[in-house]
Amino acid sequence: MTQHSLMLLPGDGIGPEIIGEVRRVMAWVENTHGVTFGVTEGLIGGCSYDAFGLPLTDETLENARKSDAIIMGSVGGPKWDGKTDYDKRPEAGLLRLRKELDLFANLRPALCFDALADASSLKREFVAGLDILFVRELAGGVYFGEPRGITELPGGGREGINTHRYNDTEIIRIARVAFEMARKRGGLVHSAEKANVMEAGLLWREEVTKLHAVEYSDVKLEHILADNCAMQLVKTPKQFDVILTDNLFGDILSDAAAMLTGSLGMLPSASLGESGPGLYEPVHGSAPDIAGQGIANPIAAILSFAMALRYSLDMGNAADQIEAAVGATLEAGYRTGDLMSTGMHEVGTKEMGDGILAALNEQ
Ligand code: NAD
């Protein structure tokens, strides 16, 4: 029997509700795939602050480090907004986890389930079958570059400074992830930067080109300016397979693409390092407006678990089954409130979990 260790961090708001449904899908995988998941559970975000005065304790961090994969719900909420020191706010726990585990590669699929193609802001023919994987650099660039800050100007007034900075090692390690992913998918990488106006973009283009020529010439590489990429994403999104990009452009482009596919409640993500556990979490936040009502959509969390199976536990087959079961449940008309449209069957968090489990059992 294969044994995997998983760290569950349900977090705040709807986090515990959606992770509850992940637990049921985990049990299904254990029962059908001859594996056991040794599960450790911990607190992160506001609930950790309430219990320990910190949004992530050293003990939780060490338990996470020892696991094969970490599945998180969400952090934050109005209860803590402006009521803790800035470095103890709920989100600081998540940022520390990402930093300590050196999770530099953020994978965000933009996948359009056929049953939801009519819910997109684009016409069905542009999004039905859409399957893009964003590979976004997560640990560098303008969000972390020094110098940074707000300074007083000598003659009066103030100046805000951030520095966009990438070295060759950072570029090569994220590009390698994109090429490896493309090999397992459609074999095409679009690398998006602004080489026309930014030196860091020019270095990015040169390093990606070199790596491609030496190690990945079997993959097709296209360079695209990030602004053109934004336009192409809303014009003909199905031309893309893997989009490789930096921290800032990745933040914006992946959000835009995600919205082509329907609700925030559908979007999973993975953050990977060079070694050690990956962190898997829905893109959405803690949805305080609906927390505790049993109506949150658990699909983003369940699809995040599927990504953990695929990328950290080498169980791509089980991941395929879960993704197919989500598709079948949507085809059967199950919709949480965020996805609801006329003629569909409105369900709560647990009923959506029931539907997915029933679809899994039918496979
Ligand atoms: P949000 O993603 O929590 O919610 C935005 C809207 O989408 C809300 O109307 C919410 O009800 C809805 N929504 C989100 N997830 C849903 C789901 N699974 N099912 C149904 N509806 C869903 O974003 P926000 O309101 O801007 O932020 C709320 C809190 O979450 C804030 O404290 C913010 O800092 C935090 N946050 C955390 C993360 C994270 O944990 N990674 C990410 C984003 C925001």
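Values as computed for the structure displayed
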| read-out | value |
| --- | --- |
| Among the candidates Thr329, Thr236, Thr245, Thr261, residue that is more than 12 Å from the ligand (Cβ to nearest atom) and free of Cβ contacts under 8 Å to residues at least 60 places away in the same chain | Thr329 |
| Filter result for the condition that a residue is within 9 Å of the ligand (Cβ to nearest atom), crowded, with 19+ Cβ neighbours inside 10 Å and part of a strand (DSSP E or B), over Ser286, Ser269 | Ser269 |
| Yes/no for His190 being farther than 18 Å from Ala105 by Cβ, touching a Leu at 6+ places or on another chain (Cβ under 9 Å) and in contact (Cβ under 8 Å) with a residue 40 or more places away in the chain | no |
| Selection count where residues are touching a His at 6+ places or on another chain (Cβ under 9 Å) and on the phi > 0 side of the Ramachandran plot, scope region 1-25 | 0 |
| Search result, residues across region 65-85 that are within 15 Å of the ligand (Cβ to nearest atom), touching a residue at least 24 places away in the same chain (Cβ under 8 Å) and over 23 Å from Leu264 (Cα atoms) | Thr84 |
| Some residue of region 110-119 being outside any helix (DSSP H, G or I) and either near the ligand (Cβ under 10 Å from one of its atoms) or more than 29 Å from Gly292 (Cα to Cα) (or both) | no |
| Given (1) more than 16 Å from the ligand (Cβ to nearest atom); (2) in a helix (DSSP H, G or I); (3) over 26 Å from Ala69 (Cα atoms), number of the condition Thr342 does not satisfy | (2) |
| Only listed residue being within 16 Å of the ligand (Cβ to nearest atom), modelled with pLDDT of 95 or more, surrounded by 17 or more Cβ atoms within 10 Å (Cβ to Cβ) and within 20 Å of the chain's Cα centre (by Cα), chosen from Pro298, Pro277 | Pro298 |
| Qualifying residue in region 9-20 (condition: more than 16 Å from the ligand (Cβ to nearest atom), of a type in the set (Gly, Ala, Ser) and either more than 21 Å from the chain's Cα centre (by Cα) or at pLDDT 95 or above (or both)) | no |
| Any pair with Cβ under 7 angstrom, 6 or more apart, that starts in region 297-311 at a residue that is within 11 Å of Glu21 (Cβ to Cβ) and part of a loop (DSSP other than H, G, I, E, B) and ends at one that is among the acidic types (Asp, Glu) and within 14 Å of the ligand (Cβ to nearest atom) | Asn297/Asp338; Pro298/Glu21 |
| Residues of region 92-111 satisfying the condition of being over 15 Å from the mean Cα position of the chain (by Cα) and within 29 Å of Ile322 (Cβ to Cβ) | Gly93, Glu100, Leu101, Asp102 |
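The values are calculated or read from the model by the stated rules, or taken from the named source; none is laboratory data. Every value quoted in this text rests on a predicted model; they were computed, and no experiment measured them. Positions of Cβ are backbone-derived with ideal geometry, glycine not excepted, and every protein chain shown enters the neighbour counts.
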